[in-house]
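K.L.:
My questions all concern the structure below.
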Amino acid sequence: MFKLKKDVLIMCQYFYPEYVSSATLPTELAEDLVKKGLSVDVLCGYPKEYYHGDKVPLREELNGYTVRRVKYTEFNNKTKIGRIINFFSFFTAILSKTLSLLNYRSILVYSNPPILPLVPCLISKITKTKFIFVAFDVYPDNALILGAIKKGGIIERLMRYINTKVYQHATKIVALGSEMKSYMINTNIAPDCTNIEVIPNWYNDKKIGKTSKIHNKEFKELNERWPFVVLYSGNMGTAQDMDTILQCISNLKNRNDVFFLFTGHGNKADYVKQYFLTNNINNAKVYGFLLGEDYNDVLKIADVCLVSLAVGIEGVGVPSKTYGYLAAGKPVISIMSSETDIAKHLETFSAGGNVKQGDSTGLERLVLNYMENKEHTSAHGVNARMVFEKFYQREICTNMYYNLIKIIIS
């Protein structure tokens, strides 16, 4: 009997119940596409790295769609060898499901891990299945810029080959920002500029607490002790410029009216902690990765929020934590090129400010300006929420995906 093909398969490594943004974004997208009437399935990795709860089934029905999970190796992702082995193990596990991929009119695949999009690319070459490639980042360019791989090495050459196939055969390519689209075009990564759609990531503002009550005792005490709190949350990794922030904090370390709160993880988290110890900085602290009520609490006590990118990363990655700041109505200070969508929105709508990497004096000036002018801070917070509602609401962004999928399968 003829089996009717479903509209879309979402293919990714991380998915519910994992808690990082690369899991929550495809989860929320699946939910919203189903609500809009599309038939959806998900093929993803088995949760481990960003999940510490009970075992989950390999196959599960969730909110109108089916999730199939594949198991793969669990080597240390912080080592290059471990990460590569895990990538290829996951790729092989997904590849074993090739025949089932023929049951979909379209496949939406994410760029993590970077070899994953090769699977729907191969499917699209032998069938009429359309595929959408969502570039969370541009690999191997980001790894080369950060010195994580060697130029001309086997990894770069392999990825260039894969990218040639993926970017050429993708029905549509999704870039997270205008600067990423420009980078793809200017570096000739994407041969057809009309094939690229800009759809930013988003933040689900339903996660934000509706009351001003602070539940965590320690964060409540911080709020009472410090007149002004600056928040940095998210990844503290190679792609982030932490030194500009640390130099700014060092300049302000003797003040008793400002506290710098860090939450998140990454390969620079320990470096940040050690910097505070070595330089006798007592008005700053690093917490782990905060979720739920705890994260809501730090958003509530924050007066201003920070987001940063390392030099050259603009165009190959976009810091999604910004959208949570904006949703909470907090002014944002970005440390990156002024040509990014984030920096432009902050400046255009007076929702924060931007400094270039290395300009710790400029960063200090912006922080002090907010500290000395609470009305200014409040007004920029209102504008920040307006920017969120205009560009980065969940409903706006997932609807852009819905329209894109409807066009390619119609």
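The values are calculated or read from the model by the stated rules, or taken from the named source; none is laboratory data. Computed from a predicted structure; not experimentally measured. Cβ sites come from the backbone with ideal geometry, for glycine too, and all protein chains shown count toward neighbours. When the accessible area is computed, the model is the full protein with side chains, heavy atoms only, and any ligands, DNA or RNA have been set aside. Shrake-Rupley method; radii C 1.70, N 1.55, O 1.52, S 1.80 Å.
K.L.:
Along its principal axes, what span do the Cα atoms of region 262-322 show, with the longest given first and each in whole Å?
P.N.:
Principal-axis extents of the Cα atoms in region 262-322, largest first: 35, 31, 20 Å.
K.L.:
Here's something else I'd like to know. As an exercise, find the ratio Rg/Rh for region 34-84 from alpha-carbon atoms, using the Kirkwood inverse-distance average for Rh.
P.N.:
1.10
K.L.:
Still on this structure: May I ask which of Lys36/Lys207; Lys78/Lys321; Lys253/Lys330; Lys220/Lys344 have a Cα-Cα span longer than 26 Å here?
P.N.:
Lys220/Lys344
K.L.:
Right, here's the next one. Would you please calculate the Kirkwood hydrodynamic radius of region 73-114 over all C-alpha pairs and express it in Å, rounded to one decimal?
P.N.:
11.6
K.L.:
Further question on the same structure: Quick one: if the Förster radius is 56 Å, what FRET efficiency do Ser178 and Lys217 give, using the C-beta to C-beta distance and rounding to 0.05?
P.N.:
About 0.85, to the nearest 0.05.
K.L.:
Find, to one decimal place in angstroms, the Kirkwood hydrodynamic radius of the chain, where the mean of 1/r is taken over every pair of different Cα atoms and then inverted.
P.N.:
22.3
K.L.:
On each of the three principal axes of the Cα atoms of region 180-337, give max minus min coordinate, whole Å, ordered largest first.
P.N.:
Sorted largest first, the three principal extents are 55, 38, 22 Å.
K.L.:
Under a straight-distance cross-link criterion of Cα-Cα below 16 Å, which aspartates and glutamates are reachable from Lys48, leaving out those fewer than 8 residues away in the same chain?
P.N.:
Of all the aspartates and glutamates, those that pass the test against Lys48 - Cα under 16 Å, at least 8 places apart if same chain - are Glu18, Glu74.
K.L.:
Counting only heavy atoms of the protein chains, get the accessible area per residue of the chain (1.4 Å probe) and round it to a whole Å² value.
P.N.:
45
K.L.:
A follow-up question, please. What is the calculated FRET efficiency for Glu293 to Tyr50, with r their C-beta to C-beta distance and R₀ = 22 Å, to the nearest 0.05?
P.N.:
Given R0 = 22 Å and the Cβ-Cβ separation, E is 0.75.
K.L.:
Over region 110-181, what per residue volume does the convex hull of the Cα atoms give, in whole Å³?
P.N.:
82
K.L.:
To continue, here is another question. Which value, in nm² and rounded to one decimal, describes the direction-averaged projected area of the C-alpha convex hull of region 344-410?
P.N.:
Over every viewing direction, the Cα hull of region 344-410 projects on average to 6.1 nm².
K.L.:
Here's something else I'd like to know. Treating cross-link reach as a plain straight distance, find the aspartates and glutamates whose alpha-carbon is under 20 Å from the alpha-carbon of Lys151, omitting any fewer than eight places away in the same chain.
P.N.:
The reachable aspartates and glutamates, counting only those whose Cα sits under 20 Å from Lys151, are Asp137, Asp141, Glu314.
K.L.:
Also, quick follow-up: Calculate how many DSSP beta bridges within the chain are antiparallel, expressed in % of all such bridges and rounded to the nearest 5.
P.N.:
Taking every DSSP beta bridge within the chain, about 10 percent pair in antiparallel fashion.
K.L.:
Could you work out how far apart the two model spin labels at Val20 and Asp257 are, taking each label as a point 7 Å from the Cα in the direction of the beta carbon, and quote it in nm?
P.N.:
Spacing of the two 7 Å Cα→Cβ label points: 4.0 nm.
K.L.:
Too long at a 25 Å Cα-Cα cut-off: which of Lys268/Lys390; Lys210/Lys390; Lys206/Lys300?
P.N.:
Lys268/Lys390
K.L.:
Let me ask something else about it. Which residues in region 9-44 place their backbone N less than 12 Å from a point set 7 Å from the Cα of Thr66 along the Cα-to-Cβ direction?
P.N.:
Inside the label zone: 40-43.
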